[in-house]
Amino acid sequence: MSSAAHLDITPRGLATITLDRPEIHNAFDDQLIAHLIDLLTQARDDTRTCLLLLASTGKSFSAGADLAWMRRMADASREDNLRDARKLALLMETLNSFPTPTLAKVQGAVMGGGVGLVSCCDIVVASDAAFFALSEVKLGLAPAAISPYVIAKMGVSQARRYFVSAERFPAARAAAMGLVHELVSPDELDARTAQLIDTLLANGPQAMRAAKQLVQVANPLQVTPELSEYTAGVIADLRASAEGREGLRAFLDKDAPAWTRQQPTSGAA
């Protein structure tokens with residue numbers, strides 16, 4: 001699993017975690033989640049780290065959950081699903097609370113849990129060709145574990161729309177909502193990321209840590225243990241539900257889920 005993501009720390013203090021599963025669009029499963037938590041912990045505990053860059057290889061930043069993993073968890077017990085969901089919540093909180101500034105470099109598709117990763121980063125620079133989706137409800141699921149971080153980033157009003165609609169939205173829309181801070185053309189993404197790295201590493205490392213902590217302490221949308229446990233329960237219940245199983249089956253079979261065939265075709269009464 002070590003090849004699925006890797007950590008590099010330079011003498012300048014730049015710690016880079018790179019998602020490296022381009023063949024499946026950097027989708028993640030339980031093993032990659034555990035590995036990312038370990039890499040974040042290593043980077044956090046390394047005294048050289050002044051800045052964390054989250055990047056990925058290939059055409060997509062992250063397509064969210066690996067469908068093979070989702071299929072496996074649909075057949076698992078509620079307790080196994082709960083344990084699994086808690087791990088995803090821990091990944092998000094570990095990234096969100098990372099003590100140094102965090103920068104995400106985003107290209108291509110950003111789906112489901114990938115949106116959660118982006119939401120947990122302090123600064124997000126993206127290709128203007130990228131696109132985003134909180135697509136969980138299409139599978140009979142919900143963006144539960146990532147919800148506190150996505151809501152904090154894009155706001156309650158936008159979350160109310162995109163959590164329930166599962167619409168894809170372009171990078172320009174993501175920037176308008178505050179999910180992305182800066183857009184560049186695809187061929188400018190590397191150069192602009194390098195410029196931001198230089199800007200951040202020119203600042204006082206301890207001052208940046210203190211400044212980041214100020215924002216976290218003052219944030220009214222705090223992630224409490226009770227909230228994390230609630231979101232884990234939501235996803236655990238939905239994954240093993242009849243609707244969740246049907247949504248996954250339909251997606252894998254490229255079929256319409258049963259609930260769409262049960263709806264009337266006429267307009268509102």
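The values are calculated or read from the model by the stated rules, or taken from the named source; none is laboratory data. Here the structure is a predicted model, which means the values were calculated and not measured. Note: ideal-geometry Cβ built from the backbone for every residue, glycine included; neighbour counts use all protein chains shown. Surface accessibility is based on the protein's heavy atoms, side chains included, excluding ligands, DNA and RNA. Shrake-Rupley method; radii C 1.70, N 1.55, O 1.52, S 1.80 Å.
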Restricting attention to region 252-263, and to residues there that are modelled with pLDDT of 85 or more and aliphatic (A, V, I, L, M), which single residue is least open to solvent (accessible area, probe 1.4 Å)?
258
Need the failing condition index for residue 140 against (1) open to solvent by 20 Å² or more (accessible area, probe 1.4 Å); (2) of a type in the set (Gly, Ala, Ser); (3) under 24 Å from residue 60 (Cβ atoms), just the number.
(1)
Can you name every residue in region 67-116 that is closer than 30 Å to residue 199 by Cβ and among the polar types (S, T, N, Q)?
94, 96, 97, 100, 102, 107
Can you find a residue in region 41-56 that is touching a helix residue (DSSP H, G or I) at 6+ places or on another chain (Cβ under 8 Å), farther than 29 Å from residue 211 by Cα, open to solvent by 20 Å² or more (accessible area, probe 1.4 Å) and of a type in the set (S, T, N, Q)?
no
Sort through 8, 20 and tell me the only one that's open to solvent by 10 Å² or more (accessible area, probe 1.4 Å), without any contact (Cβ under 8 Å) to a residue 24 or more places away in the chain, touching a strand residue (DSSP E or B) at 6+ places or on another chain (Cβ under 9 Å) and charged (D, E, K, R).
8
So, in region 220-251, exactly how many residues are among the polar types (S, T, N, Q) and either surrounded by fewer than 17 Cβ atoms within 10 Å (Cβ to Cβ) or in contact with a strand residue (DSSP E or B) (Cβ under 7 Å, 6 or more places away or on another chain) (or both)?
3
In region 68-89, what count of residues is obtained for those that are in contact (Cβ under 8 Å) with a residue 60 or more places away in the chain, open to solvent by 40 Å² or more (accessible area, probe 1.4 Å) and within 16 Å of the chain's Cα centre (by Cα)?
1
Filter region 188-215 down to the residues that are closer than 30 Å to residue 231 by Cα, open to solvent by less than 80 Å² (accessible area, probe 1.4 Å) and not basic (Lys, Arg) and list them by number.
210, 211
Yes/no for residue 163 being among the hydrophobic types (A, V, I, L, M, F, W, C) and closer than 22 Å to residue 239 by Cα:
yes
Please go through region 65-81 and give me each residue that is in a helix (DSSP H, G or I), charged (D, E, K, R) and farther than 11 Å from residue 236 by Cβ, ordered by number.
71, 72
Hey, could you check region 27-60 for residues that are in contact with a Ser or Thr (Cβ under 9 Å, 6 or more places away or on another chain) and part of a loop (DSSP other than H, G, I, E, B) and say which is nearest to residue 201 (Cα to Cα)?
50
Residue under evaluation residue 20, criteria (1) under 19 Å from the mean Cα position of the chain (by Cα); (2) modelled with pLDDT under 95, criterion not met:
(2)
With respect to the numbered conditions (1) in contact (Cβ under 8 Å) with a residue 40 or more places away in the chain; (2) open to solvent by 40 Å² or more (accessible area, probe 1.4 Å); (3) more than 16 Å from residue 122 (Cβ to Cβ), which one is the sole condition not fulfilled by residue 185?
(2)
